[in-house]
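Below is one structure, written out as structure tokens; comments come after it.
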Amino acid sequence: LVPGQEVEVTYKVDGYPEASQKVTLKSDPQGLAGDNVTWANISLTSNAPAQVSGVSVTNPTAVSTLEDIVFTFSRNMDRASVERAFSINNAGVVALSWDNDYTLRVNPKDLLDDMDYTITIDGSIAKNSQTNQFLDGDKDGAEGGNYVFSFTTKPADVEAPYITSTTPAENSTMLYTMRPVIRVEFNEPLQWNEDDVTGDEIVVTNKEGVVLTGRLTHAVVGGASVLHFYLDNDLELDKCYKVAVKGGFKDLSGNVSKGIVFKFLSEYRTVKSSGVIDATDNPDDWFSPGGSGSSKGFTQLEDQSMVTSNLVSNPSQASSFKIHYQFDPDTQHPYWGLRCYKKNGAKYYNDGKDAIIQAYVYGDGSGNWAGHGVRDRSDAASVKRHTKHQMNRGWEMVTWDVNHEENEIVSGEKTLVAGLWQYDAFWIWRGHVEDFADEDPDEPSQAWTGDVYFDELKYVHYNTEEQHATLDDIIITSVDEIATSNITISNDGNAININAPEAIGKVFVYAMNGVTVANVAPAATSATISTANLAPGAYVVKVVTNGKTEAKRILVK
């Protein structure tokens, strides 16, 4: 090579077209080394045809019509050509949309249940937008060839949504607060429209029948719905209350829930003394969730975080802490646990005799555990934790009677005694690794990752007092017993059959779009409605008797 000479540089790389570029060799005897280096830069575009590199479906034999099927391409695609190339058999109707030029969404909501389908993307029509090559649908390395994806939709969902847990629990005493958050957790997501809220979804009354006012919210947490009713005012001390949750909530398939009625007793003890442990408004008063040496089994440190949130259990709370956690299925540590450690500079001491540590915790439905840790100040090396609350979805009170409930040693050996203690940490706990030896990491019994909130972190000393209220202070009448209507609705293939223990006032049959397609007023304990004139598909049958209502989703084939 001669300085100052023009040369041609040719690039040959597998998978890319050959390219050449002319450059003049630089030379500066008096210059620096960089003044005598000649760069020849060129941009090459791969000539490999696009392929379908991924599909979101993990089990093609049981595809939900409620979730999009997402196809990912290896190159930017010409969207119009892909849509022209797209087809689905068996008269399937789907809607196509794009997240970006790589990602195609297929909405299957109008497909039939329990049906075989095949999606085809024609490799002689679909092109990428970078080189205009046809799709390599069959992945033989050459453009052309169809992409084929066969799947079967799930059988129809005919199970009604149901309530899995409530706070307060049925027939329980709601301790530790005079203003509990009424929580109702379902087994699956509900169809929810704020415009449809009528104010009687959750009704709380005292024994005199006075309705307590409050605010209702709905959220989907961990794949299922949870309702919260936030009371406007405190409950009365040592009283019985009734909660009525109405029926008629629809799941995403249109199945309709039953209502429930339950009773609980309010806190009966007065507060002797209390104090705020932390206002949950400044994460700088805490170490990062993975920052403690006692935190084990998590993924990268940056995957864990603690920030403030405006999701609070009570209007008196300015904020809560939101903790994001992510445990490692392949950990070599003995347990999965995050010790969200309170800094010594923000320490708090208190007489520990009969102290209750309590906080409201918004669980993620993961099945993981939440709890508190303390350090015994009479032996600074002695740290204990109490992680006995398994998280449902939504707000629940998480408490620890420090001197009287069992605990687990974190460090030291000293048994906690009445005296000085320091709040040590808020714990998120999955468990000891050895206890999960038979668990499939891909189908875990408890979630690997999630978000947990907590606020109202305080200690309380309660006076010793007797409880006088009883559950018998409120009698649930037959009208209240909306969960046990004993109305049966069935479909024998030719007709809808209804039977009830009392005279049926009205029967309505609704299409899934809400249109009434049939109605009768039998004034008898049974009714039959022919399905001969109903098009195949799903319907909701609503039966009304004196003070009771039952609804059920049926399929007409």
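The values are calculated or read from the model by the stated rules, or taken from the named source; none is laboratory data. Worth saying up front: this structure is predicted, and the values here are computed from it rather than measured. When we count neighbours, we look across all protein chains shown, and the Cβ atoms used for this are built from the backbone with ideal geometry, even at glycine.
Brief remarks on what is shown
- Filtered residues of the stretch 272-305 (kept if part of a strand (DSSP E or B) and out of contact with any His (no Cβ under 8 Å at 6 or more places or on another chain)): Gly275, Val276, Ile277, Asp278, Trp286, Phe298
- Flag for Gly15 being in a loop (DSSP other than H, G, I, E, B), surrounded by 10 or more Cβ atoms within 10 Å (Cβ to Cβ) and small (Gly, Ala, Ser): no
- The number of residues in the stretch 71-94 being over 16 Å from Asn132 (Cβ atoms), surrounded by 16 or more Cβ atoms within 10 Å (Cβ to Cβ) and small (Gly, Ala, Ser) comes to 1.
- Scanning the stretch 197-248 for residues that are of a type in the set (D, E, K, R), surrounded by 14 or more Cβ atoms within 10 Å (Cβ to Cβ) and within 25 Å of the chain's Cα centre (by Cα) gives Glu201, Lys246.
- Taking the criterion of being crowded, with 17+ Cβ neighbours inside 10 Å and assigned to a loop (DSSP other than H, G, I, E, B), the residues of the stretch 155-166 that qualify are Ala156, Asp157, Ala160, Pro161.
- Pairs are defined by a Cβ separation below 8 Å, a sequence spacing of at least 6 or placement on different chains, a first member in the stretch 99-127 that is assigned to a strand (DSSP E or B), and a second member that is of a type in the set (Asp, Glu); the pairs so defined are Arg105/Asp68; Arg105/Asp99; Val106/Asp68; Asn107/Asp68; Lys127/Asp78.
- Total residues in the stretch 523-535 satisfying the condition of being within 30 Å of Lys109 (Cβ to Cβ) and modelled with pLDDT of 85 or more: the figure is 6.
- Single unsatisfied condition, Ala538 versus (1) under 22 Å from Asp157 (Cα atoms); (2) at pLDDT 85 or above; (3) not acidic (Asp, Glu): (2)
- Filter result for Ala48 (more than 23 Å from Lys127 (Cβ to Cβ) and touching a residue at least 24 places away in the same chain (Cβ under 8 Å)): no
- Boolean, Asn497 is at pLDDT below 95, outside any loop (DSSP other than H, G, I, E, B) and surrounded by 11 or more Cβ atoms within 10 Å (Cβ to Cβ): yes
- Candidate set: the stretch 289-307, residues that are of a type in the set (Ser, Thr, Tyr) and in contact (Cβ under 8 Å) with a residue 40 or more places away in the chain; chosen: the one surrounded by the most Cβ atoms within 10 Å (Cβ to Cβ): Ser295
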